[in-house]
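Engineer: Shown below is the structure under consideration.
The values are calculated or read from the model by the stated rules, or taken from the named source; none is laboratory data. This is a predicted model, so every value here is computed, not measured. With ideal geometry, Cβ positions are generated from the backbone for all residues, glycine too; neighbour counts draw on all protein chains shown. Heavy atoms of the whole protein, side chains included, go into the accessibility calculation; ligands, DNA and RNA do not. Shrake-Rupley method; radii C 1.70, N 1.55, O 1.52, S 1.80 Å.
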Amino acid sequence: MARPAFPYEQDSASVADYKYYSDLIKPLVKETAQKLLNAGVNVVLDFPGNTVAQRQWLKSISDEVSACHRLILLDTPTDECLARIKKRANPITDTEEMFGIMLKFFTVPTEDEGLVIEIVNEANG
């Protein structure tokens with residue numbers, strides 16, 4: 001089955017491109033998520049939380065409407081991450097090179113950030 005194309009997919013060839021387009025949708029994501037939270041609906045966001053700043057933005061979504069949050073950290077071996085990237089097979093953004101670039105930005109979340117963290121260790125199944 002073919003994977004559907006996403007808007008701007010052909011334009012996202014670098015981290016800078018990704019950040020630009022990601023920043024464009026953040027206000028809409030935040031507004032929509034907050035409306036759902038205010039209506040009592042649970043919201044799951046699969047949005048990058050690689051850095052403290054990204055996680056603080058995500059946390060602000062729930063904090064601003066006095067909703068609970070939980071950050072789920074997938075503790076996944078690198079070889080499994082790379083296998084998943086190959087399976088997605090978007091030749092523009094899903095590459096081993098892009099994974100390596102993005103991994104350099106990753107910092108492990110801590111409770112000092114005011115987060116409720118649940119770690120899922122995928123190495124053990």
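Engineer: In nm, to one decimal, how far is the modelled label at Val120 from the one at Cys68, with both set 7 Å along Cα→Cβ?
Structural biologist: 1.8
Engineer: Rounded, prolate or oblate: which fits segment 43-113, taking a ≥ b ≥ c as square roots of the Cα gyration tensor eigenvalues, rounded meaning a/c under 1.5, else prolate when a/b beats b/c?
Structural biologist: prolate
Engineer: While we're on this one: DSSP loop chymotrypsin sites (Phe, Trp or Tyr not before Pro) in segment 29-123 with at most 16 other Cβ atoms within 10 Å of their Cβ, which ones?
Structural biologist: Taking segment 29-123 and a limit of 16 other Cβ atoms within 10 Å, the loop chymotrypsin sites (Phe, Trp or Tyr not before Pro) found are Phe105, Phe106.
Engineer: Convex hull over the alpha-carbon atoms of the chain: what's its volume per residue in Å³?
Structural biologist: Considering the Cα atoms of the chain, their hull volume per residue is 140 Å³.
Engineer: Could you work out the helix-only [θ] at 222 nm for the chain, with each DSSP H run of four or more residues adding -39,500 (n - 2.57) and the total divided by the number of residues, to the nearest 500 deg cm²/dmol?
Structural biologist: -14000 deg cm²/dmol
Engineer: Tell me, what is the 1.4 Å probe accessible area of Glu31, in Å² to the nearest 10?
Structural biologist: Counting only protein heavy atoms, Glu31 exposes about 90 Å² to solvent.
Engineer: Right, something else. Scan the chain and report its longest stretch carrying no trypsin sites (Lys or Arg not before Pro) that are both in a DSSP loop and have at most 15 other Cβ atoms within 10 Å.
Structural biologist: Within the chain, the longest run free of exposed trypsin sites (Lys or Arg not before Pro) spans 1-69.
Engineer: Checking understanding here: applying a Kyte-Doolittle mean of at least -0.5 and a length along the axis of at least 30 Å (C-alpha), which whole DSSP H helices in the chain pass?
Structural biologist: Those that pass (Cα extent of 30 Å or more, hydropathy at least -0.5) are 15-38.
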